[in-house]
Each structure stands twice: as structure tokens, then as C-alpha cells.
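The next block holds one structure in the form of C-alpha cells; read it before the comments.
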Amino acid sequence: MTNHRILVIDDSRVIRMRVRDMLPQGNFEVIEAQDGVEGMDAIRSQRPNLIMLDFLLPRMSGWEVFQEIQANPDLQHIPLVLMSGRKEEVTEKMTEPFEYFEFIQKPFEQKELIEAIKAAMVKARKPRRTPMTTAATAASAATATGAGDVSAAEFQALQAQVKQLQGEVAQLKGQLGKVLAFIKQKLK
């Protein structure tokens, strides 16, 4: 049995087969998904060791899949290579440098794919800045400066508010992206 499961989420069968053919034989089990919904199902059920994610997908976009992965601490540690034929579509939603994932522009060669996979594995090991860490730091600073004591219940309430606000911001960013894409389409 192979040691490494790679999930390739791309609506192009050609890209899925190309990735499969470029990987060293015998070392990888390649799982394929044709759209974002299938991809998220495969992530949850198969627990891949690496995800290759197309940015433009039917049913659930690569951006939405990315957001779900980033919102789930159990999935954040999975190395991620984001793929797109147009880098500007990615950088409209996410600013460079890409801290926790690797980007590869389509079409790509085998050497580029292998380098992207290696870089994604390194980036996935980076410690994440979490809302809890940020809130804990703020609470410590407030206590240290005499700004007031924060009870455990207040701290948890603040954490819940931060998490809710982050979700709302992510949702608004997604909606803004769709509006911008619609406007760009209408201006053509």
C-alpha cells in the first residue's frame, strides 16, 4: 500500500491525469474530485496527505474550499497546492506572499509540481496565528497594564465573538469577490 494520498480537485480530467502521471510511480495514491463539493467530501473521508486545489471549480469554488480548510484546525495542517491558469484571480482574494500554501500556475511541468509539493509541505508545518492566541495576548496585555481583569467567561465570550466576526468577514470577502467578478464580466 502507498504511503501518501494526494487529492487532486480539478474539473479538468486532463489536469487530474497530468498530476497523476507526473508523480513518482508507486509512492502515491491519487484521489480525484471534479468539483469543490466532491473535494470537501474526499477531504473529510479520505484525509489526504496533500491537496492539489484548482481555484475555479463548479458547485463550490476553490476559494470556498480553501476557506473551509483554513477555518478547520483539523484540516489546516494538510499541505495545500493551489492551482490556477490565472494568478491574478487568486491574488484578488489572497495577498502574496502565500504563507500557508503553495501556488502553481497552469500549465506546469513535473519539476514545478514537485517543487510546489515540497514547498507546500514546509508551509503546512508553520505555526498558525489563531484568534485564541491573539485574544489571549490582548487579555494578558490588558491585565498587565491594569486595564482590567478578564474573567474566563468574558474571555470565552470574546473568543466566540472573534470567531463569529472572522466567519462573517470571510463570507463578505467571498460575496465581494463574486460581485467584482460579475462587474468585470459586465465591463467586457
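The values are calculated or read from the model by the stated rules, or taken from the named source; none is laboratory data. Quick caveat: nothing in here was measured; it's all calculated off a predicted structure. Reconstructed Cβ throughout: ideal geometry from the backbone, glycine too, with neighbour counts over all protein chains shown. For accessibility, only protein heavy atoms count, side chains too; no ligands or nucleic acids. Shrake-Rupley method; radii C 1.70, N 1.55, O 1.52, S 1.80 Å.
Overview of values
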quantity	calculated
The stretch 63-94, subset under 18 Å from Asp35 (Cα atoms) and of a type in the set (Val, Ile, Thr), residue modelled with the lowest pLDDT	Val90
Scan of the stretch 12-26 for residues that are modelled with pLDDT under 90, in contact with a strand residue (DSSP E or B) (Cβ under 8 Å, 6 or more places away or on another chain) and either in a loop (DSSP other than H, G, I, E, B) or of a type in the set (Asp, Glu) (or both), ordered by number	Leu23
Extreme residue, farthest from Pro107 (Cα to Cα), among residues of the stretch 27-78 that are part of a loop (DSSP other than H, G, I, E, B) and among the polar types (S, T, N, Q)	Asn72
Pairs, first more than 10 Å from Met52 (Cα to Cα) in the stretch 16-40, second open to solvent by 70 Å² or more (accessible area, probe 1.4 Å) and among the aromatic types (Phe, Trp, Tyr), C-beta under 9 Å, six or more apart	none
Failed criterion for Ile6 (all others in (1) outside any helix (DSSP H, G or I); (2) modelled with pLDDT under 90 hold)	(2)
Selection from the stretch 26-46 of residues that are surrounded by fewer than 18 Cβ atoms within 10 Å (Cβ to Cβ) and farther than 14 Å from Arg16 by Cα	Gly26, Asn27, Val37, Asp41, Arg44, Ser45, Gln46
Residue that is farthest from Asp54 (Cα to Cα) [pool: residues in the stretch 79-103 that are open to solvent by less than 60 Å² (accessible area, probe 1.4 Å), among the hydroxyl-bearing types (Ser, Thr, Tyr) and not in a strand (DSSP E or B)]	Tyr100
Residues satisfying the stated conditions in the stretch 47-60, i.e. open to solvent by 20 Å² or more (accessible area, probe 1.4 Å), out of contact with any helix residue (DSSP H, G or I) (no Cβ under 6 Å at 6 or more places or on another chain) and not hydrophobic (A, V, I, L, M, F, W, C)	Arg47, Asn49, Pro58
